[in-house]
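K.L.:
Sharing a structure, written as C-alpha cells. Questions coming.
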Amino acid sequence: MSDQELIAQLRKELRQHNYNYYVLDQPIISDFEFDMKLKQLQDLELQYPQMQDLNSPTLRVGGAVTKNFKTVVHAHRMYSLDNSYSKSDLLDWEKRIKKLVDGPIAYTCELKYDGASISITYKDGMLFQALTRGDGTQGDDVTANVKTIKSVPLKLQGDYPDFFEIRGEIILPFEGFKSMNESRILDGEEPFKNPRNTASGSLKLQNSSEVAKRPLECLLYGIVGENTGIISQFDNLKKARSWGFKVPKEAQCLDCIDAVLKFIEYWDSARHDLPYEIDGIVIKVNNLHQQAELGFTAKAPRWAMAYKFKAEQVSTKLNYISYQVGRTGAITPVANLEPVALAGTVVKRASLHNADQIAKLDVRVGDTVFIEKGGEIIPKITAVDLSKRSNDSTTTLYISECPECQTPLTRKSGEAQHYCFNTLGCPPQIIGRIQHYISRKALDIEGLGGETVTLLVNASLIQNPADLYTLKIEDILPLDRMAQKSAENLILGIEASKQIPFERVLFGLGIRYVGETVAKTLAKHYKSISALSEATVDNLEAVDEIGIKIAESVYAFFRNDNSIRLVSRLYSYGLQLELSKAALANQTSILAGDRIVVSGVFEKVSRSELKKLIDANGGKVVSSISAKTTYLVAGANMGPSKRQKAEDLGIPILTEQSFLDKL
Ligand code: AMP
Ligand code: ZN
C-alpha cells in the first residue's frame with residue numbers, strides 16, 4: 001500500500017472507530033490501539049502536507065484559536081419553542097392545530113436536551129460550518145470548536161443530501177461534568193455551576209484544544225431545508241442516525257395526544273436515570289407537509305410544542321447548620337437536612353454558600369425548607385415554609401469563631417466568604433494544604449492518600465509539606481492499618497517526589513490563585529523560586545496572563561515568614577525549585593519580544609512543536625496578523641487571505657527553513 005493509500009485507509013478506520021465509540025458507545029479496539037493509529041496518521045500527514053484534509057480525524061484535538069467569533073446570518077432562522085406546563089395546555093394546542101390542517105395528526109415526541117443549540121451545515125458530506133443560535137437570526141461561527149466534539153461526524157456515511165443544515169444540542173453529560181469539576185477543584189479553581197452553562201461556555205472558548213478536552217456531546221434533533229426528500233420528522237431522525245449522527249433512541253412517533261401525555265409522564269420520572277439533563281419533552285407534528293401548512297409565528301413553529309418539567313421541589317426539615325473550613329481557611333455553611341428523596345437521589349445536605357445567603361433566606365434551624373435541584377448537582381434551598389415555623393425560632397447567628405480552632409473569623413470588605421486566618425494552627429487547613437501538596441497534579445506522592453495525611457497530622461508527625469521529608473519508617477509503622485510494606489512504599493514515594501519538576505512543586509505550595517496553569521507560567525518566566533520570590537507586584541503583573549489578584553497573592557506569600565521557612569526547608573531536602581537543566585537548555589531569549597504568527601502545514605517540525613520552539617526561545621505565538629506582528633512563519637497551504645494581510649501590512653513572511661535557521 002502506498003503512503004497515500006495508507007493515509008486514506010487510516011482516516012477511514014479512525015472515523016469508524018470514533019463513530020463506534022462516541023455515537024454507538026460500542027468501541028471495538030482499545031484506547032491504546034486507537035492512539036497508535038492516530039499517531040501514525042499524524043506522522044504521515046506531516047510527511048505529506050499536500051494531503052491535508054480539513055476534516056481529518058487528527059483535527060479532533062483542536063488547535064485553532066479564535067479571538068473574535070465571526071457573526072453569520074442563519075440561512076434558516078433558529079426559532080424558539082412555545083412552552084406548555086400542563087395537560088390542558090397541550091389539549092389547547094391540539095385544538096388550535098387541528099383547525100389549521102386536514103387529516104389525522106401524528107406526533108414525534110423527543111427529549112428536550114438542556115444544553116446549547118447548534119446548527120451545522122454539511123457540504124458534500126463534509127462538515128462545513130457550525131453556528132450558535134445567537135439571537136435566532138444570526139449566530140457565531142464556532143466551527144473549529146464543534147469539530148473537536150467527537151460525536152459530531154466530520155465526514156458522513158450513507159446517502160446524504162449534497163447540502164443541508166442539521167440542528168442539535170451540545171450537552172455535557174453528568175459524568176463528564178463531575179470529573180471536570182473534580183480536577184478543577186484539585187487545581188484550586190472554582191467548580192462549574194451546572195452542565196448547561198458549562199456546555200454553552202465551552203462553545204465560546206477561544207482555544208479549540210481546550211474545547212477538545214471537555215467531554216461534550218452533540219445530540220441531533222432536526223434537519224432543515226426543503227429538498228431532502230424526507231416526509232416526516234421521525235424519518236428525519238432515522239436518516240440523521242444513518243448518516244452517522246448521534247440521535248437518541250428515546251424518540252417515539254405517537255398517534256394521539258393521550259399517548260403523548262403518557263410519554264411525558266413516563267419521562268418526568270425516568271429522566272433521573274438519563275446520563276444527561278433534560279428539561280422537558282418536545283412534541284412535533286410528524287408529517288412535514290402538515291408542518292409546512294402550520295408554519296411559524298413570530299417566535300416559534302406552530303407545529304411544535306415544548307412541555308416543560310417542573311424543577312422538582314420538596315420540603316424537609318433543617319436539622320442544623322454546620323460549617324466547613326477549606327484549605328485556604330474559607331468557611332462554607334452547610335444545611336444538614338432530614339433526608340428526603342429528590343430527583344432520584346436522597347438528599348441530606350445542601351450548601352448555604354455564605355452569611356449573606358442565610359440572611360437573605362432568613363433560614364433558621366428547625367425550619368421546614370424547600371429544596372430544589374435544577375441543573376445544579378448540589379441541591380439548593382430556595383425558600384422557607386413560613387407557615388410551619390415554630391413561634392420560638394430565632395434568627396440564625398452566623399458563627400464568629402472558627403468551628404475547628406476557635407479563632408475569630410474575618411470577612412474582608414467585598415468578599416462574601418468568612419475566613420479563619422489561623423493558617424498554621426487550624427487542623428483542616430493544615431491537612432488540606434498537605435493533601436493539596438501530595439495531590440495528583442502536584443507532587444503526586446505514590447503510597448500516600450488523603451486519609452493517611454489526616455492520620456499523620458493527627459499523630460503530630462507532620463504539620464506542613466516539608467515535614468514529610470523527615471518521616472521515618474519507625475514513625476509511621478504505629479499508625480492505624482500501616483503495614484511494613486506500605487510504610488516502605490510511602491517513604492519511597494516521598495523520596496521520588498524530589499524529582500518532580502519545579503512547576504508542579506510551585507503548584508503544590510498552594511499559593512492562593514496559583515492553579516496548575518499559572519504555576520507553569522510563573523515557573524517558565526522566572527525559572528527559579530528565588531527569582532520568583534524577589535519579584536515585585538508590578539513585575540509579576542507584567543507577566544502575560546498574570547493579573548493583579550495573582551500578583552498580590554504571590555507577592556504576599558513570599559513576604560510571609562512561614563512560607564519562607566517552608567520553601568527553604570524544601571530546598572534543603574533537594575526538591576526541584578528551579579527549571580531543570582534540560583528545560584533551561586532548550587530555552588533562549590533569541591525571540592524575546594517577537595510576536596509571531598504561524599500558519600500552514602510544516603515539514604520538519606509539527607505546528608505544535610514549532611509553537612513550543614517559539615515559546616522556549618522567548619517569543620510569543622499570536623493567532624492573527626496585525627500591525628504588531630513581527631513576522632509570519634508560513635508553511636504549505638497557508639490561507640491566501642493571511643498572506644494578503646501580511647503583505648498589506650508589510651509583515652515579513654519567513655519560510656519554515658529560514659525560521660529554523662534563526663534558532
Ligand atoms: P427554548 O430555549 O426554551 O425556547 O427552547 C428551544 C430550544 O430547545 C431549542 O433552541 C433547542 O436548542 C432546544 N431543544 C432541545 N431538545 C430539542 C428537541 N428535541 N427538539 C427541538 N429543540 C430542542
Ligand atoms: Zn480555624
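The values are calculated or read from the model by the stated rules, or taken from the named source; none is laboratory data. All of these numbers come straight from a predicted model, not from anything done at the bench. A quick note on method: Cβ atoms are made from the backbone with ideal geometry, for glycine too, and the neighbour counts reach across all protein chains shown.
K.L.:
For segment 606-628, enumerate the residues that are within 31 Å of the chain's Cα centre (by Cα) and assigned to a loop (DSSP other than H, G, I, E, B).
P.N.:
From segment 606-628, those within 31 Å of the chain's Cα centre (by Cα) are 606-626; that's our starting set.
Matches in segment 606-628: 606, 617, 618, 619, 623, 624, 625, 626.
K.L.:
Report, by residue number, each residue of segment 321-380 that is among the acidic types (Asp, Glu) and farther than 26 Å from residue 279 by Cα. Spell out the reasoning first.
P.N.:
Our first condition is that a residue be among the acidic types (Asp, Glu); within segment 321-380, this holds for 338, 356, 362, 367, 372, 376.
Listed by number, the residues that qualify are 338, 356, 362, 367.
K.L.:
Can you pull out every residue in segment 461-483 that is hydrophobic (A, V, I, L, M, F, W, C) and assigned to a loop (DSSP other than H, G, I, E, B)? Give the derivation first.
P.N.:
So in segment 461-483, the residues hydrophobic (A, V, I, L, M, F, W, C) come out as 461-462, 466, 468, 471, 473, 476-477, 479, 482-483.
Selection gives 461, 462, 471, 477, 479, 482, 483.
K.L.:
Let me ask something else about it. Do we have residue 393 as in a loop (DSSP other than H, G, I, E, B), loosely packed, with under 15 Cβ neighbours inside 10 Å and touching a residue at least 12 places away in the same chain (Cβ under 8 Å) here?
P.N.:
Details: in a loop (DSSP other than H, G, I, E, B): yes; loosely packed, with under 15 Cβ neighbours inside 10 Å: yes; touching a residue at least 12 places away in the same chain (Cβ under 8 Å): yes.
Criteria met by residue 393.
K.L.:
Please go through segment 222-252 and pick out each residue that is within 16 Å of ligand 1 (Cβ to nearest atom) and within 20 Å of residue 149 (Cβ to Cβ).
P.N.:
222, 223, 224, 237, 240, 241, 245, 246, 247, 248, 249 - these are the residues of segment 222-252 that are within 16 Å of ligand 1 (Cβ to nearest atom) and within 20 Å of residue 149 (Cβ to Cβ).
K.L.:
Then there's this: Tell me which residues, restricted to segment 411-422, are within 11 Å of ligand 2 (Cβ to nearest atom) and of a type in the set (S, T, N, Q).
P.N.:
Here is the first cut: in segment 411-422, the residues within 11 Å of ligand 2 (Cβ to nearest atom) are 418-422.
Result: 422, single match.
K.L.:
Take the residues in segment 248-298 that are polar (S, T, N, Q) and over 28 Å from residue 178 (Cβ atoms); name whichever of them is surrounded by the fewest Cβ atoms within 10 Å (Cβ to Cβ). Even if it seems obvious, please write down each step before you answer.
P.N.:
From segment 248-298, those polar (S, T, N, Q) are 252, 269, 286-287, 290-291, 297; that's our starting set.
Next cut, over 28 Å from residue 178 (Cβ atoms) only: 252, 286-287, 290-291, 297.
On the way: 252: 14, 286: 22, 287: 22, 290: 19, 291: 19, 297: 11.
The qualifying residue surrounded by the fewest Cβ atoms within 10 Å (Cβ to Cβ) is 297.
K.L.:
Sort out which residues of segment 299-331 are surrounded by 19 or more Cβ atoms within 10 Å (Cβ to Cβ) and in contact with a Phe, Trp or Tyr (Cβ under 6 Å, 6 or more places away or on another chain), and write them in order of number.
P.N.:
305, 329, 331
Here's the yes/no breakdown for (1) among the β-branched types (Val, Ile, Thr); (2) in contact (Cβ under 8 Å) with a residue 40 or more places away in the chain; (3) more than 16 Å from ligand 1 (Cβ to nearest atom); (4) under 30 Å from residue 177 (Cβ atoms):
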site: 381; (1), (2), (3), (4): yes, yes, yes, yes
site: 384; (1), (2), (3), (4): yes, no, yes, yes
site: 435; (1), (2), (3), (4): no, yes, yes, yes
site: 455; (1), (2), (3), (4): no, no, yes, no
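K.L.:
On to the next question. List, please: which pairs have Cβ atoms under 6 Å, are six or more places apart or on different chains, and start with a residue in segment 404-415 that is in a strand (DSSP E or B) and end with one that is among the hydroxyl-bearing types (Ser, Thr, Tyr)?
P.N.:
Once the first residue is in a strand (DSSP E or B) and sits in segment 404-415, its partners that are among the hydroxyl-bearing types (Ser, Thr, Tyr) give 410/419.
K.L.:
Turning to a different aspect of this structure: Kindly indicate whether residue 118 is among the β-branched types (Val, Ile, Thr) and in contact with a Ser or Thr (Cβ under 7 Å, 6 or more places away or on another chain).
P.N.:
Values: among the β-branched types (Val, Ile, Thr): yes; in contact with a Ser or Thr (Cβ under 7 Å, 6 or more places away or on another chain): yes.
Criteria met by residue 118.
K.L.:
I need every pair where a residue in segment 215-231 that is on the phi > 0 side of the Ramachandran plot and assigned by TED's automatic domain parsing to the domain that holds residue 148 has its Cβ under 8 Å from the Cβ of a residue that is away from ligand 1 (no atom under 14 Å from the Cβ) and at pLDDT below 90, sequence separation at least 6 or different chains.
P.N.:
Short answer, once both residue conditions are applied: none.
K.L.:
Under 8 Å by Cβ, and 6 or more places apart or on different chains, what pairs join a residue from segment 343-365 that is under 30 Å from residue 269 (Cβ atoms) with one that is crowded, with 17+ Cβ neighbours inside 10 Å and among the hydroxyl-bearing types (Ser, Thr, Tyr)?
P.N.:
347/316; 363/396
K.L.:
Being in contact with a Lys or Arg (Cβ under 6 Å, 6 or more places away or on another chain) and in a helix (DSSP H, G or I) narrows it down to one residue among 183, 202; which is it? Step through it out loud before you land on a result.
P.N.:
Details: 183 fails: in contact with a Lys or Arg (Cβ under 6 Å, 6 or more places away or on another chain).
None of the others qualify; the one that does is 202.
K.L.:
For segment 135-187, which positions are at negative phi and of a type in the set (Gly, Ala, Ser)?
P.N.:
Filtering segment 135-187 down to residues at negative phi leaves 135, 137-157, 159-187.
Across segment 135-187, the qualifying residues are 139, 144, 151, 168, 176, 179, 183.
K.L.:
Report, by residue number, each residue of segment 37-55 that is without any contact (Cβ under 8 Å) to a residue 60 or more places away in the chain and within 26 Å of the chain's Cα centre (by Cα).
P.N.:
Within segment 37-55, 38, 39 meet the criteria.
K.L.:
Can you report the number of residues in segment 423-460 which are within 19 Å of residue 405 (Cβ to Cβ), assigned to a loop (DSSP other than H, G, I, E, B) and more than 16 Å from ligand 2 (Cβ to nearest atom)?
P.N.:
Going through segment 423-460 one residue at a time, the tally reaches 2.
K.L.:
If you scan segment 515-548, which residues turn out to be assigned to a loop (DSSP other than H, G, I, E, B) and farther than 16 Å from residue 580 by Cβ? Can you show your working first?
P.N.:
To start, the set of residues in segment 515-548 that are assigned to a loop (DSSP other than H, G, I, E, B) comprises 515, 527, 535-536, 542-547.
Of everything in segment 515-548, those that are assigned to a loop (DSSP other than H, G, I, E, B) and farther than 16 Å from residue 580 by Cβ turn out to be 515, 535, 536, 542, 543, 544, 545, 546, 547.
K.L.:
Quick one: which strands (runs of 3 or more DSSP E) sit completely within segment 94-150 and have at least 1 residues that are more than 14 Å from ligand 1 (Cβ to nearest atom)?
P.N.:
Numbers: elements: 107-113, 116-123, 126-132, 138-140.
Fully inside segment 94-150 and qualifying: 116-123, 126-132, 138-140.
K.L.:
Any residue at all in segment 274-286 that's modelled with pLDDT under 95, assigned by TED's automatic domain parsing to the domain that holds residue 170 and more than 16 Å from ligand 1 (Cβ to nearest atom)?
P.N.:
Checking segment 274-286: not a single residue is modelled with pLDDT under 95, assigned by TED's automatic domain parsing to the domain that holds residue 170 and more than 16 Å from ligand 1 (Cβ to nearest atom).
K.L.:
Looking at segment 315-335, is at least one residue assigned to a strand (DSSP E or B) and within 16 Å of ligand 1 (Cβ to nearest atom)?
P.N.:
At the first step, the residues of segment 315-335 found to be assigned to a strand (DSSP E or B) are 315-325, 330-335.
Adding the requirement that they be within 16 Å of ligand 1 (Cβ to nearest atom) leaves none.
Looking through segment 315-335, none of the residues is assigned to a strand (DSSP E or B) and within 16 Å of ligand 1 (Cβ to nearest atom).
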